[in-house]
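The values are calculated or read from the model by the stated rules, or taken from the named source; none is laboratory data. A quick note: this is a predicted structure, and the numbers were derived from the prediction, not measured. Quick reminder, even Gly has a Cβ in these numbers, built from the backbone with ideal geometry, and neighbours come from all protein chains shown.
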Amino acid sequence: MADSALQNIPSVYEPSLFGTYSKKIGMWLFLLSDTLTFGALLYAYSYGRISTGGWPTPFHSESIINATIMTAFLLTSSLTMVLAVRASVHRDAKMQTLWLLATMLCGTGFIVLHGREWSNLIAEGLSLPMFPKVPHHQVAAEFVNVSKTVPQFAATFFGLTGMHMLHVTLGVIYLGVVALRRKFIPILLVLWLVAWLGTPAYSPFHYGAHILLIAAIVCGIILWLKPKVYDSSDVEVAGLYWHFVDLVWMFIFPLVYLMSAKIL
Amino acid sequence: MATHDFAAQASHAHEAPQGFIRKWVFSLDHKVIGLQYYFLALAAVFVGMFLSLLMRIHLIWPGAALPILGEIKPETYLTLVTMHGTIMVFFVLTTAPQGGFGNYFLPIQIGAPDMAFPVLNMLSFWTTLLGFIVMIAAFFVAGGAPLHGWTGYAPLSALQSAGPGEGLGADLWIISIAIFCIGALMGALNFITTTLDMRAKGMTMMRMPLTVWAWFVTAILGLLAFGVLLSAGILLLMDRNLGTSFFVPLGTINGQLTGHKGGSPLLWQHLFWFFGHPEVYIAILPAMGMCSQLLSVFSRKPIFGYKAMVYAILAIGFLGFMVWGHHMFMSGMSPYTAFAFSVMTMAIGVPSAIKTFNWLGTLMRGKIRFSSPMLFAIGFVSLFVSGGISGPFLAQPVLDIPLHDTYFVPGHFHLIMGVASIFGIFAATYYWFPKMFGRMMNESMARWHFWFSLIGTYAIFMPMHYLGMAGMPRRYSQMTEVAYLHDLIPLQKFITYAAFITIAGQLIFLVNLFWSMFKGPKASDNPWEATTLEWITTTPPPHDNFGGHTPVVHNGPYEYSVPGAPRDYVMQNDPEIKPAH
């Protein structure tokens, strides 16, 4: 096995097919599977868009600018992730943690901006039928019209970006566990309370916040079962996941936002 | 990686756990997890079988009042169809051969101390168990279990008001499938990584037993297919609970507008069958691998055409992703598309035939030992041919369209995907039981079980082909009242009686299994005189499989009757044999 091959220890195993260690292969396989998951969603989106006549293009400059800033956050986070991996290779524990925290911060910024964008759109009337109505808010006739005439638009928007937002959220938690291990679980619980109590009851994030609670429980179980020190390979593998989530956004941003911008 | 120390690798061979909970419940040992999967599948198969029995009773005595359950209503019949299919496909045919035997024997057969990711392995089982509990819970909620079939076709599955059971029951059904997908994905990437990364010295890819190849390719199929089903399930949940319209076109229920519009039921069918067809191979490939293994062991001959077998498995797996459209010929697809799917589907006949002829070639002029595992392996070949031969019929749109909604199709897929794969599981159980439990199973009970099962399943599923050709539609309840089908009632009765007898025969298996577990004669380390690595270790294997060392492999997996060898088999870790010429 390549774990030992990398350090010239005579191995009792056949050399790995890809000359790398198990965790990395496992992550690549997961990403392959996740590609198919997102592929199916993008297929559903294309199917809906092609089969629906008069697909609306309602996103005005405010949405596009916001999404561009979000994209900048994600791209920056990929850079800081690379720096975290480099620090881990140089065995610089302090910088590794700092760069990981910077990556998490960028990811959190992305989620917060995206959450705000969602809330604004829902308030303006781009909504799913079962989302609760936002009280005392002026709806924009155009978005209400879009939701009524082409229900596929809101459905694919919230489906695709929601699934991506879930992946970014899980990515931030993953990086948190790699960076801080057990110390991250109380932080995660605080984040859960903030997200749950800080959002109004009509917001989809009010109940969505419970994902953080579930994640805290699962992380607790995993750390209890395998309380080990994470090393540079864990940082590298987490980086693979993070870059993948970033890459998926590079498909979603043009397909969902730019192709539905108002100028078109 | 410089800091990636040796301890991380040694963590694969974790310390043997002490205490009941860590040893048998939250175990990281792939052998215990394999047994957990096996017993989960065993519980599920009896639930599924009970449901099928109720279906058979309802089909010939629609108004019968059953004890406790009362009369089976038509909608309840649809629920039975749905839950029988779902439980059997997911929690039996996917769980037992891959999660059960694959978990137990893949690491041992490649000489590894455990799976690559033991924690992930444990989580994968507990996720699957949670999925099963959620699935069973669907029976007990208001409205009962769903009635949209195991394929969950929209819009029936996408609307809360589409029928009884389409409320909370259908939500639980979808959530259970989604949970199962996540568990299956964790298992799949574990299997692939283990096979790629943890083979003992000398265990090259082309020295792997065909069982390992089958589990490996099955895992790849699972990795690629379950992700798509997960997406489809999420979209379906959104349609049901958030009011989106991915799968629901404009329409009414009982004169009321549904409030959905613009969606496409065909989108669901594409996404579902992109998963659904590979799923068929996920169920049958491990059985093919086990059958190949057993035919070689009990014929005392090398497998006929090892490389051809490997390439055939790969070809079947590859082609399996290109043929989902043949489940949708009825949907009004373009004849050109249908033609392409049809040609692709018939192309699968080529690797399948290669495998079949190689099995027959293995048997030819072998010194066959008719032990119970061998009987079931031969039974598998028989069922595989009988069930497979109707595949090329259904692969042609012209024949599929009249046959598709008749009993012909249940006859076809039960023989090949259901019973053939179950025979693989039985063969594997009889073969590996001594290694798993340290005792032999009772041979005469096994023989009774074999003849009950073989004759019984043929008696059940062969007549279904005739029913189908005679025009008996599937999925409907209470067809006894329909005049043009009146002459077919005796055949339906015959099938139900055959089902009673076959199910009674399965009780022999159950008794044998549990009786032998505690009272069977002690097994030696290698009772079948087989060559693969699980037979070099003690019975049952120690915690790290090989007692602290890793075997070194010098030979292929099927070296039987080697000229000049001291005995008629050469173990994989024996000194390398020189070619005769």
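For this structure, a couple of remarks:
- Inside region A:123-136, residues that are within 12 Å of another protein chain (Cβ to nearest Cβ) and in contact (Cβ under 8 Å) with a residue 60 or more places away in the chain make up a count of 2.
- Residues located in region B:426-446, provided they are among the small types (Gly, Ala, Ser) and in contact with a Ser or Thr (Cβ under 7 Å, 6 or more places away or on another chain): B:438, B:446
- Within region B:496-516, being surrounded by 17 or more Cβ atoms within 10 Å (Cβ to Cβ) and either more than 17 Å from residue B:419 (Cβ to Cβ) or touching a Lys or Arg at 6+ places or on another chain (Cβ under 7 Å) (or both) holds for B:496, B:499, B:512, B:513, B:516.
- Any chance residue A:189 is in contact with a Ser or Thr (Cβ under 8 Å, 6 or more places away or on another chain) and under 27 Å from residue B:26 (Cβ atoms): no
- Residues in region B:232-262 that are touching a Pro at 6+ places or on another chain (Cβ under 6 Å) and more than 7 Å from every other protein chain (Cβ to nearest Cβ) were compared, and the one that is nearest to residue B:421 (Cα to Cα) is B:247.
- Residue list for region B:234-254, restricted to those being of a type in the set (Gly, Ala, Ser) and crowded, with 24+ Cβ neighbours inside 10 Å: B:245
- Residue count, region B:201-215 (criterion: facing another protein chain (nearest Cβ under 9 Å) and either in a loop (DSSP other than H, G, I, E, B) or surrounded by 24 or more Cβ atoms within 10 Å (Cβ to Cβ) (or both)): 4
- Scanning region B:527-581 for residues that are under 18 Å from residue B:301 (Cβ atoms), out of contact with any strand residue (DSSP E or B) (no Cβ under 7 Å at 6 or more places or on another chain) and of a type in the set (S, T, N, Q) returns B:532, B:555, B:561, B:572.
- When B:563, B:557 are checked against the criterion of being of a type outside the set (D, E, K, R), surrounded by fewer than 13 Cβ atoms within 10 Å (Cβ to Cβ) and either more than 29 Å from the chain's Cα centre (by Cα) or farther than 30 Å from residue B:58 by Cα (or both), a single residue qualifies: B:563.
- The single condition among (1) touching a helix residue (DSSP H, G or I) at 6+ places or on another chain (Cβ under 9 Å); (2) modelled with pLDDT under 95 that residue B:218 does not meet is (2).
- Taking region B:471-488 as the range and being touching a residue at least 60 places away in the same chain (Cβ under 8 Å) and either crowded, with 17+ Cβ neighbours inside 10 Å or not charged (D, E, K, R) (or both) as the test, the residues that pass are B:471, B:472, B:473, B:474, B:477, B:478, B:479, B:480.
- Residues of region A:174-205 that are closer than 20 Å to residue A:228 by Cα, crowded, with 20+ Cβ neighbours inside 10 Å and among the hydrophobic types (A, V, I, L, M, F, W, C): A:175, A:177, A:178, A:179, A:184, A:188.
- One residue alone among B:191, B:216 is among the aromatic types (Phe, Trp, Tyr) and either without any contact (Cβ under 8 Å) to a residue 40 or more places away in the chain or in contact with a Ser or Thr (Cβ under 6 Å, 6 or more places away or on another chain) (or both), and that residue is B:216.
- Filtering B:142, B:137, B:112, B:116 for residues that are assigned to a helix (DSSP H, G or I) and more than 19 Å from the chain's Cα centre (by Cα) leaves a single hit, B:137.
Yes/no per residue for (1) closer than 21 Å to residue B:280 by Cβ; (2) in a helix (DSSP H, G or I); (3) assigned by TED's automatic domain parsing to the domain that holds residue B:37:
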| residue | (1), (2), (3) |
| --- | --- |
| B:424 | yes, yes, no |
| B:432 | no, yes, no |
| B:441 | no, no, no |
| B:447 | no, yes, no |
| B:452 | no, yes, no |
| B:463 | no, yes, no |
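- Residue selection: residue B:76 satisfies the criterion of being among the polar types (S, T, N, Q) and surrounded by fewer than 22 Cβ atoms within 10 Å (Cβ to Cβ).
- Odd one out for residue A:160 among (1) within 14 Å of chain B (Cβ to nearest Cβ); (2) touching a helix residue (DSSP H, G or I) at 6+ places or on another chain (Cβ under 6 Å); (3) within 18 Å of residue A:218 (Cβ to Cβ): (3)
- Qualifying position, being at pLDDT 95 or above and assigned by TED's automatic domain parsing to the domain that holds residue B:193, among B:63, B:100, B:70: B:100
- Yes/no for residue B:491 being under 30 Å from residue B:456 (Cα atoms) and in contact (Cβ under 8 Å) with a residue 12 or more places away in the chain: yes
- Where helices (runs of 4 or more DSSP H) fall wholly inside region A:1-111, the ranges with 2 or more residues that are at the interface with chain B (Cβ under 10 Å from one of its Cβ atoms), of a type in the set (Gly, Ala, Ser) and in contact with a Pro (Cβ under 8 Å, 6 or more places away or on another chain) are A:2-5.
- Meets criteria (of a type in the set (Gly, Ala, Ser) and more than 30 Å from residue B:245 (Cβ to Cβ)) for residue B:116: yes
- Residues of region B:255-282 that are over 36 Å from the mean Cα position of the chain (by Cα) and either in contact (Cβ under 8 Å) with a residue 60 or more places away in the chain or surrounded by fewer than 20 Cβ atoms within 10 Å (Cβ to Cβ) (or both): B:255, B:256, B:257, B:258, B:259, B:260, B:261.
- Considering A:247, A:225, A:240, the condition of being within 28 Å of residue A:79 (Cα to Cα) and either at pLDDT below 95 or within 14 Å of chain B (Cβ to nearest Cβ) (or both) is satisfied by A:240 alone.
- Unique match (being among the β-branched types (Val, Ile, Thr), within 18 Å of residue A:24 (Cα to Cα) and touching a residue at least 40 places away in the same chain (Cβ under 8 Å)) among A:256, A:237: A:237
- Selection over region B:100-153 of residues that are out of contact with any His (no Cβ under 6 Å at 6 or more places or on another chain) and away from chain A (no Cβ under 14 Å) gives a count of 32.
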